[in-house]
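Structure record follows, encoded as structure tokens.
The values are calculated or read from the model by the stated rules, or taken from the named source; none is laboratory data. For clarity, every value in this text was computed on a predicted model and none was experimentally measured. For neighbour counting, all protein chains shown are included, and Cβ atoms are generated from backbone atoms with ideal geometry for every residue, glycine included. Protein only, heavy atoms only, side chains kept; ligands, DNA and RNA dropped before computing areas. Shrake-Rupley method; radii C 1.70, N 1.55, O 1.52, S 1.80 Å.
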Amino acid sequence: MNLIVSAIGQGFLWGLLGLGLFLSFRIMNTTDMTVEGTFPLGAAVSVSLIVQGTNPFLATLAAFVAGALAGLVTALLITKGKIPSLLAGILTMTGIYSIDLMVMGKSNVSLLGKKTIYSLAFLQKLPQYFDSVVAGTILMVLVTCDLIWFLSTDFGQALIATGDNPQMAKSQGISPQQMTVAGLMISNGLVGLCGAVVAQSNGYADVNMGMGTIVIALASIIISEVVFRNLGLASRLFAVSLGSIIYRLLLLAVLQVGLSSNNLNLISSLVLAACMMLPQVEEKLRLKQTFMKGFKHD
């Protein structure tokens, strides 16, 4: 039971990562690899500040700002440097690795004995692992509601329009470059925020903790789209967090079968590939069933 509760809690926390990538991948229609660097950057900034005595909530907010600045760098490389989005993200991600080392001073920093956002009195009174579930639920609801509100504003609608059709948006007086900058900053800010809350939950920050994060984020998005279909934008954003929870439970089930945790990245890739192929498989099965019914009728 504790393992299931822990998986659900981690699913809520990592759902912020899915929301961040959803903004760039689905709404902005941009392939952004920056998240692989932004996630550990958020962790490094928040943990380093907490170790130095900063209020954990301010440290978490600083992680969001750090992530947004990383997104700004990628956006400027795309809009001003005319570098393809995929390559721009890789360049930023690579540079962030050195920044993480400068921020932390070493490859790994522990939060042992330090107060975090999970040190609040009411969270400490909860049973084991329930603190991440409650904190994750609160964060997920707040961030998702804020994102829904933002996307319903004129600026948010301009962001969506730019992702749908940049040329059409430009003809309506919208600046695609400004929208790209804003979208990637918010997206990576959420990823940095996720890095901060996950690092505080784990009790440490590591320079290599960003490896494979884009696969985790994509899995949350794709699983939510496969399981929860025909949803509006607001419902879809909430579904991303549920997709993250389902993904964590799938990993838990696979590990319970007896596979080694060393194979998590391979398992994650296989789960993502299976979910992405499922709609095509279902379509082929429907076509086959339709053909067979027509054949029998004849």
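Based on this model, can you work out whether Leu58 counts as part of a helix (DSSP H, G or I), out of contact with any Lys or Arg (no Cβ under 6 Å at 6 or more places or on another chain) and open to solvent by 50 Å² or more (accessible area, probe 1.4 Å)?
yes
Return the residue satisfying two criteria in turn: it lies in the range 19-39 and is surrounded by fewer than 21 Cβ atoms within 10 Å (Cβ to Cβ) and polar (S, T, N, Q), and of such residues it is farthest from Leu218 (Cα to Cα).
Asn29
Kindly indicate which of Gly89, Gly42 is open to solvent by less than 70 Å² (accessible area, probe 1.4 Å) and within 15 Å of Asp100 (Cα to Cα).
Values: Gly89 fails: within 15 Å of Asp100 (Cα to Cα).
Residue meeting the stated conditions: Gly42.
Only one residue in Ser220, Ser244, Ser201, Ser224 is open to solvent by less than 50 Å² (accessible area, probe 1.4 Å), in a helix (DSSP H, G or I) and touching a Lys or Arg at 6+ places or on another chain (Cβ under 8 Å). Which one?
Ser224
Of the residues Ile117, Ile78, Ile83, only one is free of Cβ contacts under 8 Å to residues at least 12 places away in the same chain, in contact with a helix residue (DSSP H, G or I) (Cβ under 6 Å, 6 or more places away or on another chain) and surrounded by 15 or more Cβ atoms within 10 Å (Cβ to Cβ); which? Before the answer, list the steps.
Working: Ile117 fails: free of Cβ contacts under 8 Å to residues at least 12 places away in the same chain; Ile78 fails: free of Cβ contacts under 8 Å to residues at least 12 places away in the same chain.
One residue alone meets the criteria, Ile83.
With the structure loaded, tell me whether Leu193 is in contact with an Asp or Glu (Cβ under 9 Å, 6 or more places away or on another chain), within 20 Å of Phe64 (Cβ to Cβ) and not small (Gly, Ala, Ser) or whether it fails that test.
Details: in contact with an Asp or Glu (Cβ under 9 Å, 6 or more places away or on another chain): no; within 20 Å of Phe64 (Cβ to Cβ): yes; not small (Gly, Ala, Ser): yes.
So Leu193 fails the test.
Quick check on Thr153: is it of a type in the set (S, T, N, Q) and either surrounded by fewer than 17 Cβ atoms within 10 Å (Cβ to Cβ) or at positive phi (or both)?
yes
Give the number of residues within the range 20-42 that are over 13 Å from the mean Cα position of the chain (by Cα) and modelled with pLDDT under 95. Can you show your working first?
Restricting attention to the range 20-42, the residues satisfying the condition of being over 13 Å from the mean Cα position of the chain (by Cα) are 27-31, 41.
From what is left, the residues that are modelled with pLDDT under 95 are 27-31.
Final tally of qualifying residues: 5.
On the given criteria, is Leu111 over 19 Å from the mean Cα position of the chain (by Cα), closer than 15 Å to Leu49 by Cα and open to solvent by less than 60 Å² (accessible area, probe 1.4 Å)?
yes
Could you tell me how many of the residues in the range 227-241 are open to solvent by 50 Å² or more (accessible area, probe 1.4 Å), under 22 Å from Met277 (Cα atoms) and polar (S, T, N, Q)? Break it down into steps so the answer makes sense when it comes.
Step one: of the range 227-241, the residues open to solvent by 50 Å² or more (accessible area, probe 1.4 Å) are 227-231, 233, 235, 238.
When the remaining residues are screened for being under 22 Å from Met277 (Cα atoms), the result is 227-231.
When the remaining residues are screened for being polar (S, T, N, Q), the result is 230.
Matching residues across the range 227-241 total 1.
Which of (1) surrounded by fewer than 20 Cβ atoms within 10 Å (Cβ to Cβ); (2) in contact with a helix residue (DSSP H, G or I) (Cβ under 8 Å, 6 or more places away or on another chain) is the odd one out, the single condition Lys125 does not satisfy?
Failed condition: (2).
Do you know which residues across the range 204-217 are at pLDDT below 90 and open to solvent by less than 30 Å² (accessible area, probe 1.4 Å)?
Scanning the range 204-217 gives Gly210, Gly212, Thr213, Ile214, Ile216, Ala217.
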